[in-house]
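> The structure follows.
None of the figures in this text is laboratory data; all of them are computed from the coordinates on show. Please read these numbers as outputs of a predicted model, since none were measured by experiment. All Cβ positions, even for glycine, are placed from backbone atoms using ideal geometry, and neighbour counts span all protein chains on display.
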Amino acid sequence: DAKTTQPTSMDCAEGRAANLPCNHSTISGNEYVYWYRQIHSQGPQYIIHGLKNNETNEMASLIITEDRKSSTLILPHATLRDTAVYYCIVRVAPVGSGGGADGLTFGKGTHLIIQP
Amino acid sequence: KAGVTQTPRYLIKTRGQQVTLSCSPISGHRSVSWYQQTPGQGLQFLFEYFSETQRNKGNFPGRFSGRQFSNSRSEMNVSTLELGDSALYLCASSLDNLNYEQYFGPGTRLTVT
């Protein structure tokens, strides 16, 4: 799986958009970009994932550059509850039925602090 | 829709004992993965079950085992507990085992004394 690089920490004002970058310059054509976050003392939370196109759901938007070497997770209106460590993970989709998923690997991530 | 539930939430055991942790996935989800999280090692993959079969296993000793029932509920067992097994054990469910869109439970905090 391609290695990812994220800033160690970021600050964002409450109510503003939080833009979290991730570099994955060695990504392969069949690797997806996943974003998770973990709020202190809770289990990780799935946010969004994508392959090539930009994606949006009720939580966030994922912007993937045309060359797929980097991506940005956007939280449109950050709240204090969005303070968490955000993880960018690149994984190939598991092999078809029966192959199984061999687990996620979380790196250091970005500690996002939302300031009131 | 109810989320992933794990029981118990907290557990204290003594070295040498064994423990069983339970996980109920989101309704309709058929894949369950287990992870161990410690401050030193971070999140480490234990194993993944789909359709009552273990499909993948992480690099853990045989003392760690699991199973999945026909209703997709899963249990993991740790035998002959060691102090180093103290950790947060997380269960994650997904619709199938064809992607990594996983939904985590709150975890079981195991303390071995």
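> Averaged over its residues, how many other protein chain Cβ atoms are within 10 Å of peptide B:102-109's Cβ atoms?
Mean partner-chain Cβ count within 10 Å for B:102-109: 4.
> For chain B, what are Rg and Dmax over the alpha carbons, in angstrom?
In order Rg, Dmax, the Cα atoms of chain B give 13.1, 39 Å.
> Find the relative contact order for the stretch B:47-113 and round it to a whole percent, using C-alpha pairs within less than 8 Å whose residues are 6+ positions apart.
Dividing the mean separation by the residue count of the stretch B:47-113 yields 24 percent.
> How much net charge surrounds B:Thr38 when only other residues with a Cβ under 12 Å from its Cβ are counted (Lys, Arg +1; Asp, Glu -1)? Don't skip to the answer; put the middle values down first.
Numbers: positive: B:Arg109; negative: B:Asp85.
Taking every other residue near B:Thr38 into account, the sum is 0.
> For chain A, give the magnitude of the charge dipole about the Cα centre (Cβ charges: +1 Lys/Arg, -1 Asp/Glu; no others), in debye to the nearest 20.
140 debye
> In percent, how large is the relative contact order of chain A, given Cα pairs closer than 8 Å and 6 or more residues apart?
After rounding, I find 36 percent.
> Still on this model: Tally Lys/Arg at +1 and Asp/Glu at -1 over every other residue whose Cβ is under 12 Å from the Cβ of B:Leu88; what's the total?
Counting the neighbours of B:Leu88, the net charge comes to +1.
> Counting other Cβ atoms within 10 Å of each Cβ, which chymotrypsin sites (Phe, Trp or Tyr not before Pro) in the stretch B:12-113 have at most 16 and sit in a DSSP loop?
B:Phe69
> Just want the answer: with Cβ charges of +1 for Lys and Arg and -1 for Asp and Glu, which residue in B:Gln17, B:Tyr35, B:Phe60 is farthest toward the dipole's positive end in the stretch B:4-71?
B:Gln17
> If you don't mind, there's one more thing I want to ask. In units of 2.2 N^0.38 Å, what is the alpha-carbon radius of gyration of chain A?
Taking N as the residue count of chain A, the ratio is 1.05.
> Then there is this: Considering Cα pairs under 8 angstrom that are at least six residues apart, work out the relative contact order of chain B and quote it in whole percent.
Result for chain B is 36 percent.
> Mind running the shape call on the protein assembly as shown? Use the C-alpha gyration tensor, a ≥ b ≥ c as the square roots of the eigenvalues: rounded below 1.5 for a/c, prolate if a/b tops b/c, oblate otherwise.
The shape class here is prolate.
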